[in-house]
Amino acid sequence: MRARREFRNRRDIEVAVLDALVDRHDEGMTVFELRAAVDADIDTIEDALSALKSENLIVVEEAQQRVLIHPDERVVPDPSEEMKNDATLLDRLRERLGL
């Protein structure tokens, strides 16, 4: 799953972090899990997390002696919106041409 469109006009690393967090928005992710999901070094991920935190796009919580990071609820797309975004290229062409 991808973060909502209005949150995608950011640096590529920030979008990649948001997308990874949205994929696991219920359970959250640790920094090390993010490192495995995003192709960037830990310092770059840390900078992205800092920027996202300062804009209140992520929530950090401590659970069972682990720090978990979740996307803010406004970043997670509505499932019906996600289904619309998953339309195939052919479906989008048909819709645009009115077929």
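The values are calculated or read from the model by the stated rules, or taken from the named source; none is laboratory data. Note that this is a predicted model, so its numbers are computed, not measured. Neighbour counts are summed over all protein chains in view; Cβ atoms, including those assigned to glycine, are modelled from backbone coordinates with ideal geometry.
Can you tell me which residue is farthest from Ala3 (Cα to Cα) among those in the range 49-74 that are basic (Lys, Arg) and in contact (Cβ under 8 Å) with a residue 24 or more places away in the chain?
Arg66
Looking at Glu73, Glu62, which one is in contact with a strand residue (DSSP E or B) (Cβ under 8 Å, 6 or more places away or on another chain) and exposed (fewer than 11 other Cβ atoms within 10 Å of the Cβ)? Even if it seems obvious, please write down each step before you answer.
Numbers: Glu73 fails: in contact with a strand residue (DSSP E or B) (Cβ under 8 Å, 6 or more places away or on another chain).
Of Glu73, Glu62, the one residue that is in contact with a strand residue (DSSP E or B) (Cβ under 8 Å, 6 or more places away or on another chain) and exposed (fewer than 11 other Cβ atoms within 10 Å of the Cβ) is Glu62.
Filter the range 1-11 down to the residues that are in a helix (DSSP H, G or I) and either surrounded by 12 or more Cβ atoms within 10 Å (Cβ to Cβ) or modelled with pLDDT of 95 or more (or both) and list them by number.
Phe7
Scan the range 15-25 and give yes if some residue there is basic (Lys, Arg) and buried (at least 17 other Cβ atoms within 10 Å of the Cβ), otherwise no. Steps first, please.
First, pick out the residues of the range 15-25 that are basic (Lys, Arg): 24.
Narrowing further to those that are buried (at least 17 other Cβ atoms within 10 Å of the Cβ): 24.
Yes, that holds for at least one residue.
Could you tell me which numbered condition Arg24 fails, if it satisfies all but one of (1) modelled with pLDDT of 95 or more; (2) in contact with a strand residue (DSSP E or B) (Cβ under 9 Å, 6 or more places away or on another chain)?
(1)
Which residue pairs have Cβ atoms closer than 6 Å, lie 6 or more positions apart in sequence or on different chains, and pair a first residue in the range 1-17 that is free of Cβ contacts under 8 Å to residues at least 12 places away in the same chain with a second residue that is part of a helix (DSSP H, G or I) and buried (at least 19 other Cβ atoms within 10 Å of the Cβ)?
none
Kindly evaluate Asp39 against the criterion of being in a loop (DSSP other than H, G, I, E, B), out of contact with any Lys or Arg (no Cβ under 8 Å at 6 or more places or on another chain), without any contact (Cβ under 8 Å) to a residue 40 or more places away in the chain and not hydrophobic (A, V, I, L, M, F, W, C).
Criteria met by Asp39.
Can you tell me which residue in the range 18-34 is farthest from the chain's Cα centre (by Cα), limited to those that are in a helix (DSSP H, G or I) and under 19 Å from Glu62 (Cβ atoms)?
Only one residue tops the list, namely Phe32.
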